[in-house]
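Peer 1: Have a look at this one.
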Protein chains: 2
Amino acid sequence: MGRVGKRTFVYEHRPAIRGWASIAGPKEGQGPLGHTFDAVSEDDLWGQPSWEKGESEMLRQCVEKCLEKSGVALSSVQAVLCGDLLNQIISSSFAARALGAPFLGLYGACSTMIEALLIGGALVDGGYLSNAVCAASSHFSTAERQYRFPLEMGCQRPPSSQWTVTASGSMLLDGEDRDSLAVLTHGTMGRVVDYQITDANHMGAAMAPAVADTIQGHFSDMGREMRDYDLIATGDLGHIGRELLIELLTRRGIAVDQERLIDCGDSIFSKAQNDVNAGGSGCGCVASVLCGWLMRRMEEGELHRMLLVGSGALMSTTSSQQGESIPGIAHAVVIERRKR
Amino acid sequence: MGRVGKRTFVYEHRPAIRGWASIAGPKEGQGPLGHTFDAVSEDDLWGQPSWEKGESEMLRQCVEKCLEKSGVALSSVQAVLCGDLLNQIISSSFAARALGAPFLGLYGACSTMIEALLIGGALVDGGYLSNAVCAASSHFSTAERQYRFPLEMGCQRPPSSQWTVTASGSMLLDGEDRDSLAVLTHGTMGRVVDYQITDANHMGAAMAPAVADTIQGHFSDMGREMRDYDLIATGDLGHIGRELLIELLTRRGIAVDQERLIDCGDSIFSKAQNDVNAGGSGCGCVASVLCGWLMRRMEEGELHRMLLVGSGALMSTTSSQQGESIPGIAHAVVIERRKR
């Protein structure tokens, strides 16, 4: 009845994933997944006078693309659940202003897309909404200058640092669509896990413990293990964080099948691309890879059941300046291809 | 079935409000509602080395007080839905780290407490959670230096400015409790409304249009009018914003009974208190007044059905510096006293 175990939602009516869309910036477009996005912009300002306004415009376009692909009018959207990395989630708020639909603002750092699906799934499954747009965005240039340094400084980035992805993803959940390719079946809530990482250039290490905790919690609640999924995709641990996750899971006695475990931040850039160091990060990373590459693989029949685990590093410049460590959180949802 | 009209959730199982608590700072303690809070701290740092850590500690204590009053162990809490005004909602994230329960981070600016009840109500009503803590906090000194000026500058504040309330409120929703004083019956989602206000010292004007929109939407969805409620409490419009709301509602043809319409930001401070100008504001304003004064009035049998409308101003220092206006959003929930 809606729940299994300690922190897993069961979506009994299996809300349909009626449509999805992804938009990415120029650098992401040049990466190995460039061909899987619905649109790649050559202009990382999306025609706007600032990167922040550009990010918001990218997000708005992504939601509209998702609706267009779904054949649903904006006026029929019952709610937009959305968030981003900027202070007071301005990319989402201003996109929601342009869209005009009811808006539920979320903040889960880079886990936000999955938090939106987790909550949106329950609201649609429970009959509170007949449909819901779940979306998230991030932008390298807005995140870098907010969290780290002015871009003009050209700071060096250590090998463990990650590159905030300029991209967004959007999904339309629909409680009445019976013909969709895929459905949402379960969601597992994350909790805040702190391994006392303090290096803001080592986000994979800050988030990996929360991801391990949520995967373990999900398996325990569901009575499942890794081989029950064709794929487990983490959000943006990067390749160092992915290695740490494998170690953490193994120490907890969870059999890890490395073939089934990918990280969106590790997949979105190639090693040959300059500057990305440990890989991609940002709300838009898992959002765009899910709504691009992964849903394509499901369409092609290659994936039948996948677990998406979005993770966020819970910090601000203020918390770091005040000596706080960087705890993480991870939310998860299960997406299944409908049997035909 | 879970929904009525365009944007109103119906909580068919009427989740119980099992317990609630409020904690306020020294200035709020000296105000007219000082005696209605569960605790008033003489120390606005709550023993911590910074205001930000103090705000987080206040929020944590408020949630623990709520659980204590509810007779529920922290280990039994299924989820904490929570947010605040700080960048990356650090007050909530770090409080959630201390609490250890699953955490769903929300950002609705000053509407966050009501957004938490709106979403938490659906998750409990729908059987996804058997209980949920819904909470929010704000702190004058953390908000002032983040949004406006360093406190040390001693900037003058115009008459329309509001004073961010140092307080927090927490409610425990419980899907199985049949003996609670009150229940949650409905919730109405807000949408982003922009009347092109650009003055960050005139938040009441920025938010009043969204409040009018949500009240009108709620009445329309429900087929109700103002006299169906003993009280309609807005979050933090202040006394100027309240006047604007009355004008906006009247222009929309909604009969306003001023006796039934209060604003928490207008009630929490007295006119004799220095510096508060147009009244209180902040996530903690509606949260602490709801979980203090208003629930007491319900306990005393004075209120039987109330509509809470929390409103948020959707802006950041960056959006204002980039010339953006300040749109608002308002979410609403209905709380009813159980018939005995």
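Peer 1: With unit charges on the beta carbons (Lys and Arg positive, Asp and Glu negative) and the dipole taken about the Cα centre of the protein assembly as shown, which residue among B:20, A:151, B:140 sits farthest to the positive side?
Peer 2: Selected residue: B:20.
Peer 1: Taking the Cα centre of the protein assembly as shown as origin, work out the dipole magnitude from +1 charges on Lys and Arg Cβ and -1 charges on Asp and Glu Cβ, in debye rounded to 20. Walk me through the numbers before you get to the answer.
Peer 2: Numbers: 60 positive and 80 negative charges, 245 e Å.
With only Lys, Arg, Asp and Glu charged at Cβ, the dipole is about 1180 debye.
Peer 1: Which chain B residue puts its Cβ closest to the axis that rotates B onto A, and at what distance in whole Å?
Peer 2: B:126, 2
Peer 1: Under the classification rounded if a/c is under 1.5, otherwise prolate if a/b is larger than b/c and oblate if not, where does segment A:101-244 fall, given a ≥ b ≥ c as square roots of the Cα gyration tensor eigenvalues?
Peer 2: Verdict is oblate for segment A:101-244.
Peer 1: Considering the dipole of segment A:48-190 built from charges on the beta carbon (Lys and Arg +1, Asp and Glu -1) around the Cα centre, which of A:54, A:106, A:180 is farthest to its positive end?
Peer 2: It is A:54, whose Cα lies furthest towards the positive end.
Peer 1: Provide the buried accessible surface between chains B and A in square angstrom, both chains summed, 1.4 Å probe, rounded to the nearest 100.
Peer 2: In total, chains B and A hide about 4900 Å² from solvent.
Peer 1: Could you work out how far apart the two model spin labels at residue B:4 and residue B:273 are, taking each label as a point 7 Å from the Cα in the direction of the beta carbon, and quote it in nm?
Peer 2: 3.6
Peer 1: Mind checking which of B:234, B:11, B:270 is farthest towards the positive end of chain B's charge dipole, using Cβ charges of +1 (Lys, Arg) and -1 (Asp, Glu) about the Cα centre?
Peer 2: Checked the options; the winner is B:11.
Peer 1: Need one number: the % of Cα-Cα pairs in chain A sitting beyond the 31 Å mark.
Peer 2: For chain A, the share of Cα pairs beyond 31 Å comes to 23 percent.
Peer 1: Could you give the dipole magnitude of chain B about its Cα centre, charging the beta-carbon of Lys and Arg +1 and that of Asp and Glu -1, in debye to the nearest 20?
Peer 2: For this selection, approximately 660 debye.
Peer 1: Helix-derived [θ] at 222 nm for chain B: sum -39500 (n - 2.57) over DSSP H runs of at least 4, divide by residue count, nearest 500?
Peer 2: Numbers: 11 runs with 111 residues, N = 340.
Result for chain B: -9500 deg cm²/dmol, rounded to the nearest 500.
Peer 1: Please work out whether segment A:219-340 counts as rounded, prolate or oblate from its C-alpha gyration tensor, where a ≥ b ≥ c are the square roots of the eigenvalues and a/c under 1.5 means rounded, while otherwise a/b larger than b/c means prolate and anything else oblate?
Peer 2: Prolate, since a/c reaches 1.5 and a/b exceeds b/c.
Peer 1: Enter the accessible area of residue B:151 (Å², nearest 10), with the probe set to 1.4 Å and all protein chains included.
Peer 2: Its accessible surface works out to 50 Å², give or take rounding.
Peer 1: By the gyration tensor of its Cα atoms, with a ≥ b ≥ c the square roots of the eigenvalues, what is the shape of segment B:13-97: rounded for a/c under 1.5, prolate for a/b over b/c, or oblate?
Peer 2: Here segment B:13-97 falls in the oblate category.
Peer 1: In addition: Under the Karplus relation 6.51 cos²θ - 1.76 cosθ + 1.60, θ = phi - 60°, what is the ordered set of whole-Hz ³J(HN,Hα) values for segment B:324-337, x standing for Gly and Pro?
Peer 2: Values, residue by residue: 6, 6, 10, x, x, 9, 9, 10, 9, 9, 10, 10, 10, 6 Hz.
Peer 1: What's the center-to-center distance, using Cα atoms, between segment B:81-128 and segment A:140-157 in Å?
Peer 2: If we compute the Cα centre of each part, the gap is 29 Å.
Peer 1: In segment B:302-340, which residues give up 40 Å² or more of accessible area once the other protein chains are added, compared with their chain alone (1.4 Å probe)?
Peer 2: B:314, B:316, B:322, B:324
Peer 1: Residues of segment A:318-340 with backbone nitrogen within less than 19 Å of a virtual label 7 Å along the Cα-to-Cβ line of residue A:228, please, listed as ranges.
Peer 2: The answer is A:331-339, whose backbone nitrogens lie closer than 19 Å to the label point.
Peer 1: For a protection proxy built on the mean count of beta-carbon atoms within 10 angstrom, sort A:154-162, B:38-46 highest first, please.
Peer 2: Ranked by mean Cβ neighbours within 10 Å, highest first: B:38-46, A:154-162.
Peer 1: Of the peptides B:14-21, B:294-301, how do they stack up when ordered by the mean number of other Cβ atoms within 10 Å, highest first?
Peer 2: Top to bottom by mean Cβ count within 10 Å: B:14-21, B:294-301.
Peer 1: Could you order A:186, A:331, A:13, A:304 by accessible surface area, starting with the largest, using a probe radius of 1.4 Å?
Peer 2: A:13, A:304, A:186, A:331
Peer 1: Continuing with the same structure: About the Cα centre, and with charges only on the beta carbon of Lys, Arg (+1) and Asp, Glu (-1), how big is the dipole of segment A:263-304? Nearest 20 debye, please.
Peer 2: It comes to approximately 60 debye.
The values are calculated or read from the model by the stated rules, or taken from the named source; none is laboratory data. Note that the structure is predicted; figures quoted are calculated from it, not measured. Heads up, the Cβs are rebuilt from the backbone with ideal geometry, glycines too, and the neighbour counts pull from every protein chain shown. The accessibility values were calculated without ligands, DNA or RNA, using every heavy atom of the protein model including side chains. Shrake-Rupley method; radii C 1.70, N 1.55, O 1.52, S 1.80 Å.
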